[in-house]
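The values are calculated or read from the model by the stated rules, or taken from the named source; none is laboratory data. Since we're looking at a predicted model, the values are computed, not measured. Heads up, the Cβs are rebuilt from the backbone with ideal geometry, glycines too, and the neighbour counts pull from every protein chain shown. We work out accessible area using only protein heavy atoms, side chains counted, and drop any ligands, DNA or RNA first. Shrake-Rupley method; radii C 1.70, N 1.55, O 1.52, S 1.80 Å.
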Amino acid sequence: APDPSDNAIQHALVQLREYQPVQAATGSSHGAAWCDLNGDILLVREDVGRHNALDKLIGALAREAVDRHAGFVLVSSRASYEMVHKCASVGLGALVAVSAATDLAVAQAETAGLLLVGFARPGRHLIYHRPAIQPSPASMAG
């Protein structure tokens, strides 16, 4: 699955606040967004619980029959190993969090082959794990 570019991650970040009306009204909810590979936000779900917001997003992705290889998840929280596991278990290849990833989340991302990005803030983000690009059989001939 193609990884989002650094520019796409930054583009999604600057949009996230506009897509979180509950957060704007209360200051106490998390958001989970599905972004295309250009960084445009296509779906968002909010909840007081960060895991619940992600669960709602995964359910919406299933109902909408979204191409899970053509985008990434952006969460307004830290990234736990459970969140990495949930994303990987439904075929999502990338998770971007505005805060830190736990050590277990990084280990889970490595095991699952999932792109994991944290500390995503305007102008910067930290790539914890980027899966190695597997060579195609044609590129190995030679």
Query raised in the report: In the stretch 68-80, what count of residues is obtained for those that are over 14 Å from Gly31 (Cβ atoms) and open to solvent by 40 Å² or more (accessible area, probe 1.4 Å)?
Result: 2
Query - Condition broken by Asp55, with the remaining ones in (1) touching a helix residue (DSSP H, G or I) at 6+ places or on another chain (Cβ under 8 Å); (2) open to solvent by less than 20 Å² (accessible area, probe 1.4 Å); (3) modelled with pLDDT of 95 or more satisfied - result: (2)
Requested in this report: Name the single residue, out of those in the stretch 97-120 being of a type in the set (A, V, I, L, M), without any contact (Cβ under 8 Å) to a residue 60 or more places away in the chain and open to solvent by less than 40 Å² (accessible area, probe 1.4 Å), that is nearest to Ala132 (Cα to Cα).
Outcome: Leu114
Query raised in the report: Does the stretch 81-91 contain at least one residue that is out of contact with any Gly (no Cβ under 6 Å at 6 or more places or on another chain), modelled with pLDDT under 95, open to solvent by less than 30 Å² (accessible area, probe 1.4 Å) and farther than 18 Å from Arg50 by Cα?
Result: no
